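These notes concern the structure reproduced below.
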Amino acid sequence: MSGSKPDILWSPHHPDRYVICDSELGLYRIGPVGSSAETKAGTLPLSEETAATLLAINSDTPYMKCVAWYPKHEPECLLAVGQANGRVVLTSLGQSHNSTCKELVGKEFVPKHARQCNTLAWNPVDSNLLAAGLDKHRADFSVLIWDISSKFSPEASVASEKIRLSSVDLDSSTVVTKPLYELGQNDACLSLCWLLRDPKLLLAGMHRNLAIFDLRNTSQKTFVNTKAIQGVTVDPHFHDRVASFFEGQVAIWDLRKFEKPVLTLTEQPKPLTKCAEDMELKLQGNKQSVVYSGIKNIVKTSSGTTESRRCWSGSDRQTDVPRYLSEERSLALRLCGWISRGPDIDVEIFLRTLEQEREWERAAAVALFNLDIRRAIQILNKGATAEKGDLNLNVVAMALSGYTDEKSSLWREMCSSLRLQLKNPYLCVMFAFLTSEPGTYDGVLYESSVAVRDRVAFACMFLSDAQLPRYIDKLTNEMKEAGNLEGILLTGLTKDGVDLMESYVDRTGDVQTASFCMLKGSPGDVLKDPRVQCWIENYRNLLDAWRFWHKRAEFDIHRGKLDPSSKPLAQVFVSCNFCGKSISYSCSAMPHQGRGFSQYGVSGSPTKSKVTSCPGCRKPLPRCALCLMNMGTPVSNCPGTGKSDEKVDLTRENKLAQFNNWFTWCHNCRHGGHAGHMLSWFRDHTECPVSACTCKCMQLDTTGNLVPSDSS
Amino acid sequence: MSLPFRCKFFSLTETPEDYTIIVDEEGFKELPQSEHISVADATWLALNVVSGGGNASNSQPIGVTKIAKSVIAPLADHNISVFMLSTYQTDFILVRERDLPMVMHTLSSEFTLLRVVNGETVAAHDLGVSNGFVKPKLVPRPIIHPLSSPSNMFCVTSLDPDTLPSVATLLMDVMFYSGGPKEPAASNEDSSHIRFFSFSLIEGYISLVMDEQTTQRLFPNNVLFTSASGELWKMVRIGGQPLGF
């Protein structure tokens with residue numbers, strides 16, 4: 001019946017439930033999708049992993065336009081519905097055993113003149129108050145605040161007018177016609193939100209302005225003309241921050257400075273919500289720069305592979321498995337972590353590490369791939385007898401020890417088929433290796449539960465020069481498609497790697513990993529890739545938005561070290577009032593690199609002489625407004641000389657002390673002084689310390705009152 | 001309800017004498033050229049009184065009574081004609097475009113003047129003319145037009161735009177096809193009963209003015225917005241000579 005969009009909202013009591021308000025009310029619960037075979041009736045698939053189940057329907061109320069959920073826990077099934085004729089009806093969805101609920105359900109709040117109800121908002125603190133926003137009427141108010149506990153009383157209604165209600169309505173307790181407050185006229189009310197910082201204040205999106213009504217004084221209202229009047233909502237973490245929208249634009253407001261929006265956003269790109277740990281850095285480990293090119297490139301340039309047929313360790317019996325060796329393959333094995341230095345393929349150290357970490361099956365497989373069956377059996381036995389070990393490993397060891405290279409043996413036949421029933425993938429591939437024809441190792445290579453590095457190492461050992469690049473290519477594409485960061489091993493930090501990272505970021509939004517990884521790709525063309533720049537900027541913005549300013553500054557420093565081109569040139573200078581020259585003039589004739597011109601106010605360590613006058617004209621530098629000492633430039637801290645190694649590497653304590661001495665000033669009144677003095681002054685005062693200056697310096701900076709989330 | 005055309009202001013009123021259409025420039029382009037349509041000589045601008053703009057004492061809705069006193073009377077003192085259009089939602093005061101400087105000058109002492117530009121409300125710039133205006137003469141205002149009052153009672157009502165399609169044929173029937181023996185009274189010359197129907201669609205809001213019998217006879221329950229008090233209106237016709245200055 002309704003041509004407009006349905007209303008949808010989350011339950012305030014159950015994080016997995018929501019209600020859709022259309023021609024009827026439907027309560028849904030979100031849960032994981034059941035097994036693919038079954039699709040229960042009433043289940044709506046929402047994504048690959050989640051589906052919504054319909055829990056309850058309420059079609060009692062017609063002409064519904066908007067809905068609001070009762071904020072308190074009891075009764076939790078209570079909803080208010082706004083109708084096309086302006087009536088607000090209380091109804092329930094789901095179980096209602098509570099007696100207060102029964103009293104309230106069915107109550108109707110009827111305005112004097114019928115017009116559409118656009119929005120409803122329950123007061124979060126005084127839950128008897130329900131605000132309704134209606135379309136305009138020439139003789140009526142657009143914002144009505146109902147008290148849901150009030151009863152119909154004919155005396156209280158509009159004087160001398162008979163209320164014409166149907167006989168059903170005349171049951172006196174269920175219809176209320178007199179609102180507690182009536183606010184706002186001449187404009188329709190399109191959205192409402194109670195202010196969290198003061199539950200007597202109501203923010204309303206009227207047709208052409210945002211208005212704040214105060215229930216304590218209904219004749220006054222604060223308002224600001226704007227187009228962004230829909231969907232007003234208060235930031236639950238930041239009670240002074242409010243958002244509203246109109247068409248494609250979102251406006252963010254600061255309630256303390258309400259005249260203009262603080263920020264306007266248009267077509268915001270995909271929001272970043274996740275910040276996963278950068279586990280993949282381990283892959284980088286301690287590689288040298290040439291290694292960053294990835295195994296894919298390494299194996300392409302093969303300086304010559306020798307094929308060898310090694311013996312099984314501990315026996316003279318030769319395998320019919322050819323092994324391939326070359327410098328590049330050894331390098332690749334190193335990257336995979338199987339071997340450390342040296343041309344010898346010695347995996348013993350790796351095996352011991354795996355044993356220590358109780359990765360028995362994996363260690364056994366690696367040992368086996370190195371043609372050391374006894375070692376593999378030994379490892380499996382250890383695993384079986386270890387604390388909380390798996391006794392079945394002994395059985396596996398037994399099976400292993402029966403190895404025979406007889407192609408038509410029962411052992412081979414059984415192992416080849418039964419291995420698929422082994423739960424652990426490494427055990428599975430062990431038997432695949434032993435029962436495969438040489439050169440046809442798909443059973444090992446495409447076992448996706450085996451770590452990528454192990455499969456690649458295996459390939460580097462057993463695939464010929466013709467087969468190896470093809471496999472690496474295929475695997476790389478698989479990784480790129482899935483956005484699996486294990487593939488960095490293959491792509492390295494090259495353009496390929498950026499493609500892989502892009503796929504990963506598309507999937508996860510994890511710009512933290514992307515930024516840190518790519519920064520290590522010091523070849524300039526990787527860093528110059530616009531995608532990489534985009535991830536870095538997004539990460540920085542994310543840290544800023546979460547008020548992790550110190551972390552972001554540390555990241556900038558880290559980035560500046562790895563990519564000097566990212567440091568912006570200084571754009572402003574402190575110049576002397578008298579001669580107009582930069583006061584760091586003595587340090588260099590050219591503009592200096594690096595941020596932070598305020599460091600030039602530092603009074604340096606006691607051993608260096610302090611310069612308290614302009615280097616250009618010798619006139620004195622300004623004085624601190626509080627301690628009346630001249631500011632000064634230490635001769636030592638001038639990066640402009642270009643000899644950055646000479647820079648004093650200040651320890652953390654020194655740095656903190658130094659900041660207190662930094663010169664800072666208000667951009668409005670131009671007064672200032674030592675940072676430490678200014679900070680402590682403004683803790684107790686609002687006005688500038690200079691007499692006769694009434695500037696409220698600290699309050700001009702809206703972010704000045706924000707506390708960083710990471711106090712270092 | 002999305003309109004396929006850009007007309008944002010439309011009003012059609014049927015009276016015994018004629019049909020009056022008030023339409024904005026976009027809507028005017030849609031109207032066909034015809035000898036049956038006579039167009040007024042001027043373009044008109046719509047004014048709307050908004051209360052509560054910082055004025056603390058305004059907590060009551062502004063009604064026509066207040067508007068008459070504070071807007072129409074001062075304008076009349078300056079010989080400025082107005083055209084009033086009242087709807088279910090609000091009251092519009094239309095003034096001729098050429099009168100705008102005088103209107104602004106007259107009203108700026110009592111009111112803050114605002115313009116709506118691209119949906120944003122901005123301060124209206126004073127057109128800068130402050131010299132050469134005649135000081136208002138405070139003369140007594142005699143009633144010079146005859147007044148008459150038909151017997152039928154009227155409803156000022158509205159409806160949910162989403163339900164418009166379902167009543168469109170009804171409306172058209174009432175507006176255009178119900179000349180004839182529908183009323184129990186034999187002829188329309190019976191002065192106690194008047195044919196009057198007004199339909200407005202202004203910025204997406206619908207307003208209807210029709211007599212009570214029509215509402216009850218023709219419209220199904222629950223479609224029309226009515227006041228909870230069921231209030232009805234009595235009409236006073238200002239007749240005689242042409243109105244305005």
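The values are calculated or read from the model by the stated rules, or taken from the named source; none is laboratory data. Source: prediction; values computed, not measured. Every residue, glycine among them, receives a Cβ derived from its backbone with ideal geometry; neighbour counts consider all protein chains shown. Surface areas here come from the heavy atoms of the whole protein model, side chains and all, with no ligands, DNA or RNA. Shrake-Rupley method; radii C 1.70, N 1.55, O 1.52, S 1.80 Å.
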Discussion item. I need the calculated FRET efficiency for the pair B:Ala68 and A:Asp126, taking r as the beta carbon distance and R₀ as 51 Å, to the nearest 0.05.
Written reply: 0.80
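Given a Förster distance of 51 Å, report the FRET efficiency between A:Arg256 and A:Ser23 from their Cβ-Cβ distance, rounded to the nearest 0.05. All intermediate terms of the calculation are to be shown ahead of the outcome.
Working: r = 43 Å, r/R0 = 0.83.
Step by step, r from the Cβ atoms, then E = 0.75.
Work out, step by step, the length gained on full extension between A:Ala466 and A:Ser149: first 0.36 nm times the residue separation, then minus their alpha carbon distance; give nm to one decimal.
Values: separation 317, 0.36 × 317 = 114.12 nm, distance 8.24 nm.
Full extension from A:Ala466 to A:Ser149 adds 105.9 nm.
Filter the cross-link list A:Lys221/A:Lys260; A:Lys136/A:Lys257; A:Lys112/A:Lys178 down to pairs whose alpha-carbon distance in this structure exceeds 19 Å.
A:Lys136/A:Lys257, as the Cα separations exceed 19 Å there.
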Discussion item. 5 Å is the cut-off here: which amide hydrogens, built 1.01 Å from N in the peptide plane, fall below it relative to A:Thr50, excluding neighbours closer than 5 in sequence?
Written reply: A:Val33
Worksheet item: For A:Arg208, what charge total do you get from the other residues with a beta carbon under 12 Å from its beta carbon, if Lys and Arg give +1 and Asp and Glu give -1?
Response: 0
Worksheet item: At what distance in nm do the modelled label points of A:Arg352 and A:Asn217 sit from each other, each positioned 7 Å from its Cα along Cα→Cβ?
Response: 8.0 nm
Item to complete: Output the residues of segment A:216-233 meeting this criterion: accessible area (heavy atoms, 1.4 Å probe) in the chain alone minus accessible area with all protein chains in place is 50 Å² or greater.
Response: A:Ser219, A:Asn225, A:Lys227
Discussion item. For a quick check: with amide H placed at 1.01 Å from N, whose amide H comes under 5 Å from A:Cys66's, ignoring anything fewer than 5 positions away on the same chain?
Written reply: A:Gly82
Response to the item:
Out of A:Thr233, A:Trp253, A:Gln220 - ranked by how far each Cα lies towards the positive end of the dipole of segment A:197-268, with unit charges on the beta-carbon of charged residues - the top one is A:Gln220
Item to complete: Could you pull out every one of the aspartates and glutamates with an alpha carbon less than 15 Å from that of A:Lys151, ignoring same-chain neighbours closer than 8 positions?
Response: A:Glu103, A:Glu108, A:Asp169, A:Asp171
Worksheet, complete the sentence: Any residue on another chain or 5+ positions along whose placed amide H is under 5 Å from the amide H of B:Leu94 is listed here as B:Leu47, B:Phe83, B:Met84, B:Leu85
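Between A:Glu327 and A:Lys528, what is the FRET efficiency for a Förster distance of 30 Å, r being their Cβ-Cβ separation, to the nearest 0.05?
Values: r = 31 Å, r/R0 = 1.04.
That pair, A:Glu327 with A:Lys528, gives E of 0.45.
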Worksheet item: segment B:29-45 to segment A:130-146: how many Å between their Cα centroids?
Response: 37 Å
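Enter the buried accessible area of the B/A pair, total of both sides, probe 1.4 Å, in Å² rounded to the nearest 100. Present the calculation step by step, with values, prior to reporting the outcome.
Details: alone 16550 and 38700 Å², together 52010 Å².
Looking at B and A, the buried total is near 3200 Å².
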Worksheet, complete the sentence: Among A:Ser409, A:Ile373, A:Ile349, the residue whose Cα sits farthest towards the positive end of the charge dipole of segment A:346-422, when +1 is placed on the Cβ of each Lys and Arg and -1 on the Cβ of each Asp and Glu, is A:Ser409
Worksheet item: To the nearest Å, what is the center-to-center distance of segment A:346-389 and segment A:391-424, using C-alpha atoms only?
Response: 17 Å
Worksheet item: Cα to Cα, under 20 Å, and not fewer than 8 places away if on the same chain: which aspartates and glutamates meet these conditions relative to A:Lys528?
Response: A:Asp496, A:Asp499, A:Glu502, A:Asp506, A:Asp510, A:Glu537, A:Asp556, A:Asp563
Worksheet item: Taking accessible area as the heavy-atom solvent-accessible surface of the protein chains with a 1.4 Å probe, which residues of segment A:124-138 lose no less than 50 Å² upon going from the isolated chain to the full protein assembly?
Response: A:Lys136, A:Arg138
Worksheet, complete the sentence: Each label sits 7 Å from Cα toward the beta-carbon; between A:Asp60 and A:Arg670 the label points are separated, in nm, by 7.1 nm
Worksheet item: Taking 0.36 nm per residue of separation and subtracting the Cα-Cα distance, what length does fully extending A:Glu387 through A:Thr686 add?
Response: 101.0 nm
Worksheet item: What distance in nm separates the simple spin-label points at B:Met175 and A:Glu437, each placed 7 Å from Cα in the Cβ direction?
Response: 8.4 nm
